[in-house]
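Supplied in structure tokens, the structure appears directly below.
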Amino acid sequence: MTDSNKRPEMERITTPELAEAFIAAQLDALRAQIGSGRVLMALSGGVDSSVVAALLIKAVGKQLECVHVNHGLMRKGESEQVIEVFRNQLGANLTYVDAVDRFLDKLAGVADPEQKRKIIGAEFIRVFEEEARKLEGIGFLAQGTIYPDIVESGPVKSHHNVGGLPEDLRFELVEPLKFLYKDEVRVVGKALGLPDSMVYRQPFPGPGLGVRCTGAITRDRLEAVRESDAILREEFALAGLDKTVWQYFTVVPEVTSTGVRDGRRVDAWPVVIRAVNTRDAMTAEIEELPWPLLQKITARILSEVPTVNRVLYDMSPKPPATIEFE
Ligand code: XMP
């Protein structure tokens, strides 16, 4: 690791006061680096990119151009929240790109998980590149790189860091969080006034719901993943588990089973609920969910998601399972 990539001697940011001091120093540093230049960034709505955007809006306001790409694999309400917070509340320049059909058409019939990840990553770069070319006078590219991204290879931020841009779009990087750990990023995000639902978000993979709709993605199964995930998140929040469980989501595997609806036998999809705790994502234990909560979530999914006839709870730790299904 080069010296410029080594965390300087600094106190761990654990309090609002330390966060304020970090923010004040970063605002000076960002203004010094950027001057009157224009900055481009891809805003996914994840914790890191949201905190970078909020810092830059404070530092250089309208000199920042945010691009939010909806690849169709976002969770329910996520793109809407990005627009509400950044465009409506913080007044950012934000281009919303509806690329849903583009991504889903490219992914049609592709069953191999790595191939799916590659397609999503490559298409993301392509969409971002197209948007970048429409803007004039961009000199900087802001990214939500954090310290663990530099230190370890870790779970890859496959498409968040848009390093694969062509030569003429390789702008000077702006990475204000590159020496921070995740918990510090959250303290800074809170101090910047971002909503709790953004700051304390559970980890969400770059390929989004795409890896939770196993095998070749179809629109009906994707919709079943999105709707069941929204129900799960709502019920976890009501039960206060959103603050304690590390990662929780639903998966719709590519397999049907027989069920009965209106007195007729009909095949439909199952929904698998997964809720795990971990320190570093290398190993994970399952959360011991209260039985009544599982029953409530099951009842809601079965009545509100018409393409589903079974709800299962995944009891498998990592290893031998992984956290995601693919
Ligand atoms: P696994 O499934 O390998 O996941 O136990 C470990 C952690 O990594 C996340 N994950 C990803 N994150 N791009 C990402 O940005 C990916 O392709 C990806 N695959 C898995 C997963 O959600 C878990 O937190």
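State whether the residues of the stretch 263-276 include one that is surrounded by 12 or more Cβ atoms within 10 Å (Cβ to Cβ) and charged (D, E, K, R).
Looking for residues that are surrounded by 12 or more Cβ atoms within 10 Å (Cβ to Cβ) and charged (D, E, K, R), one finds at least one in the stretch 263-276, hence yes.
Right, something else. Of the residues that sit in the stretch 119-157 and are acidic (D, E) and either away from the ligand (no atom under 16 Å from the Cβ) or modelled with pLDDT under 95 (or both), which one is nearest to V52 (Cα to Cα)?
So, considering only residues that are acidic (D, E) and either away from the ligand (no atom under 16 Å from the Cβ) or modelled with pLDDT under 95 (or both), the one nearest to V52 (Cα to Cα) is D149.
If you don't mind, there's one more thing I want to ask. So if I check each of Q81, Q89, which one is in contact (Cβ under 8 Å) with a residue 24 or more places away in the chain and either outside the structural domain of G46 (by TED's automatic domain parsing) or under 18 Å from I57 (Cβ atoms) (or both)? Please lay out each step first, then the result.
Numbers: Q89 fails: in contact (Cβ under 8 Å) with a residue 24 or more places away in the chain.
Of the residues listed, the single one that is in contact (Cβ under 8 Å) with a residue 24 or more places away in the chain and either outside the structural domain of G46 (by TED's automatic domain parsing) or under 18 Å from I57 (Cβ atoms) (or both) is Q81.
When the residues of the stretch 305-324 are filtered to those that are more than 16 Å from the ligand (Cβ to nearest atom) and part of a loop (DSSP other than H, G, I, E, B), which remaining residue is surrounded by the fewest Cβ atoms within 10 Å (Cβ to Cβ)?
The extreme case among them is P306.
Which condition from (1) closer than 24 Å to G109 by Cα; (2) in the same structural domain as A224 (by TED's automatic domain parsing) is the one that Q247 breaks?
Going through (1) closer than 24 Å to G109 by Cα; (2) in the same structural domain as A224 (by TED's automatic domain parsing) one by one, Q247 breaks only (1).
So, one more: Does the stretch 192-211 contain at least one residue that is more than 16 Å from the ligand (Cβ to nearest atom) and buried (at least 22 other Cβ atoms within 10 Å of the Cβ)? Before the answer, list the steps.
Let us first name the residues in the stretch 192-211 that are more than 16 Å from the ligand (Cβ to nearest atom), namely 192-199.
Now drop any that are not buried (at least 22 other Cβ atoms within 10 Å of the Cβ), which leaves 194.
Checked the stretch 192-211: at least one residue is more than 16 Å from the ligand (Cβ to nearest atom) and buried (at least 22 other Cβ atoms within 10 Å of the Cβ).
Let me ask something else about it. Inspect all residues belonging to the stretch 254-272 and state whether any of them is in contact with a helix residue (DSSP H, G or I) (Cβ under 7 Å, 6 or more places away or on another chain), within 16 Å of the ligand (Cβ to nearest atom) and under 23 Å from A111 (Cβ atoms).
Checking the stretch 254-272: not a single residue is in contact with a helix residue (DSSP H, G or I) (Cβ under 7 Å, 6 or more places away or on another chain), within 16 Å of the ligand (Cβ to nearest atom) and under 23 Å from A111 (Cβ atoms).
Looking at the stretch 233-247, which of its residues are out of contact with any helix residue (DSSP H, G or I) (no Cβ under 6 Å at 6 or more places or on another chain), within 16 Å of the ligand (Cβ to nearest atom) and part of a helix (DSSP H, G or I)?
Hit for the stretch 233-247 is R233, nothing else.
Can you tell me which residues in the stretch 42-79 are touching a Ser or Thr at 6+ places or on another chain (Cβ under 6 Å) and among the polar types (S, T, N, Q)?
Kept after step one, since they are touching a Ser or Thr at 6+ places or on another chain (Cβ under 6 Å), are these residues of the stretch 42-79: 43, 67, 70.
N70, the sole residue that qualifies.
While we're here: Restricted to the stretch 285-304, and to residues that are among the charged types (D, E, K, R) and in a helix (DSSP H, G or I), which residue is surrounded by the fewest Cβ atoms within 10 Å (Cβ to Cβ)? Explain how you work it out, then say what you get.
Filtering the stretch 285-304 for residues among the charged types (D, E, K, R) gives 285, 287-288, 296, 300, 304.
If we keep only those that are in a helix (DSSP H, G or I) as well, we get 296, 300, 304.
Details: K296: 15, R300: 17, E304: 12.
Out of the qualifying residues, it is E304.
The values are calculated or read from the model by the stated rules, or taken from the named source; none is laboratory data. A quick note: this is a predicted structure, and the numbers were derived from the prediction, not measured. In this analysis, Cβ positions are derived from the backbone assuming ideal geometry, glycine residues included, and neighbour counts consider all displayed protein chains.
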